[in-house]
Structure formats: structure tokens, C-alpha cells
Amino acid sequence: MDMQAMKILAFELMGGKSSHAFKDRGNKYYHGERVAALALRLRELILPGDGSQDEILTAAAWFHDVMNGHEKHAEKGAEKAREVLMPYCTAQELDAICEIIGVHDDRSSGRVNFSPYVRLHQDADHLDHFGTYDILMCFLYAASRGESIIDTRDWLQNGRPRENERYRAELNFELSRKIFDEKTAFLNYFTERFCVESAGGIWDEERFSRAAFAATVHTTAAAQRSGTRRNSATEESPVLGVSSRGGGS
Ligand SMILES: [Fe+2]
Ligand SMILES: [Fe+2]
């Protein structure tokens, strides 16, 4: 397969546009790149020693959303891929790539009948939407709809968590579910902190309470009395507990 030519073609088709008005330029090109990397990483962890389909997984990931934004984008994407990739691979390779693209969004109960490579792709595709990317999309969407920070806070706190169970059930492998759970924990942490800071609060405020402050000052003074030499450039701030190099405004 001519991977380099296919990568260039993927960029030509998707690199300069967005699948939806509120999303970033080239979103489906960069999503395809990430899904390819993630699919290979999952493959190494779930099917170690079987690199036989790595190029197929890579090419399928690059082009799987080439028709995203259109109805039946998976089916239409497989048709488009068949049309544009023909010069760069054999008929057999093209069939394998289009098999993945054509069903990549089918997460119904029949998934167990799909090949392990289809299911690896599906999990990589799905997982890419969570974690930090979930947060990016949340704010891009909110801004495009003219929503307030209160609306966003409400979505993160009350709306988004309702989707977790369904999203998790759509994954094929136990490892993918574990990765999803870690991403969910990260989003929960972000949401809790966002709720505090977007209401003018101080995150982890007890750290800066009078007692904690006094204890830090006492410890610092005791260390100085005992003759401990410190490099002033790396000394911790008794108030914030962070390096004095951090500066600030
Ligand atoms: Fe898709
Ligand atoms: Fe996708």
C-alpha cells in the first residue's frame, strides 16, 4: 500500500474543512490521525504479535469519516474510499479498508460478529471523543450556540454524566472500558473544579486555610532555625506551596 500517498490524499480531502460549523478546521483529518494511532496502540495491547492488519487499520482510520456530516456517512464513506483509494492498494486491501469504514458507526448488538479489527477501530474511534477532547467540544459547542457559562456548567454537571453508561456500553473490549473509566474520572474532576471556579470559588480551599498557612510558616521557620540551607530560587512559597519561580501577575 502506498501509505504516504494515501495520507496526502486524506489531508487534501479533509485537512482544510470542518465536518460541522462549530468544530475546528480539519477536525476529521486530525481525528483520523488520532484514531489510527490509538487503534494501533489498542491492537498492540489487545492482540499483541498480530501486526498483519496494521496498515489496513491505519488507512481505514484516516478515511473512516471522509463523508462525516452526510447522512449514512459510514456507508457513503466506504463508497468514497473505494473510489479514491483504488490506485494505492490491491483489491483485497481495499475490501478490508472499506469493510471497516462501512460499519464503523454500527454499535448495535450484532457487533460481536464483526472482525476484531473492525471492533478495534470502533473502540479507537469512540475513545477519541472522550477526555480532553470532550471538554474542547463542550466549550466549542456552547460558544457556537451562544450559551452562558451557567448553561455549560449545568451540562457538565447534570447533562453529560447521563450519557456515560450508554457510551461505555458501546465499547467492545474490557481494556477500552477501563480507558473510558479513566477518562470519565478526569472529566468528573474537571467538572467539580469548573463548578467551583466558575462560581468564584477557590479549588481545594482548605489548603489555604488559616491553620494550614500557620503550619506551613511554622515548618519553614523551624527549618531555617535548624540551619537548613535553601536555594532561594527553588524555595517554596509558604502561601501557595509552589515554587517561587512561577511568578504571576
Ligand atoms: Fe464516523
Ligand atoms: Fe470517527
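The values are calculated or read from the model by the stated rules, or taken from the named source; none is laboratory data. Treat the numbers as computed from the prediction; the structure is a model and nothing was measured. Backbone-built Cβ (ideal geometry, glycine too); neighbour counts: all protein chains shown.
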Among the residues listed as ARG107, ARG168, ARG119, ARG153, the single one being of a type outside the set (Asp, Glu), in a loop (DSSP other than H, G, I, E, B) and surrounded by 15 or more Cβ atoms within 10 Å (Cβ to Cβ): ARG107
Pairs, first acidic (Asp, Glu) in the stretch 173-188, second in a helix (DSSP H, G or I) and surrounded by 13 or more Cβ atoms within 10 Å (Cβ to Cβ), C-beta under 8 Å, six or more apart: ASP181/ARG168
The stretch 55-104, subset among the β-branched types (Val, Ile, Thr) and over 19 Å from HIS31 (Cα atoms), residue nearest to ligand 1 (Cβ to nearest atom): VAL84
Can you pull out every residue in the stretch 182-202 that is of a type outside the set (Gly, Ala, Ser), farther than 17 Å from LEU136 by Cβ and loosely packed, with under 13 Cβ neighbours inside 10 Å? GLU182, GLU197, ILE202
Restricting attention to the stretch 59-82, does a residue exist that is in contact (Cβ under 8 Å) with a residue 60 or more places away in the chain and away from ligand 2 (no atom under 14 Å from the Cβ)? no
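Of the residues GLU163, GLU206, GLU182, which is part of a helix (DSSP H, G or I), modelled with pLDDT under 95 and closer than 30 Å to PRO116 by Cβ?
Details: GLU206 fails: closer than 30 Å to PRO116 by Cβ; GLU182 fails: modelled with pLDDT under 95.
Going through GLU163, GLU206, GLU182 in turn, just one is part of a helix (DSSP H, G or I), modelled with pLDDT under 95 and closer than 30 Å to PRO116 by Cβ: GLU163.
Residue by residue through the stretch 87-100, note down the ones that are in a helix (DSSP H, G or I) and more than 17 Å from PHE11 (Cα to Cα).
Restricting attention to the stretch 87-100, the residues satisfying the condition of being in a helix (DSSP H, G or I) are 87-88, 91-100.
Hits for the stretch 87-100 are ALA91, GLN92, GLU93, LEU94, ASP95, ALA96, ILE97, CYS98, GLU99, ILE100.
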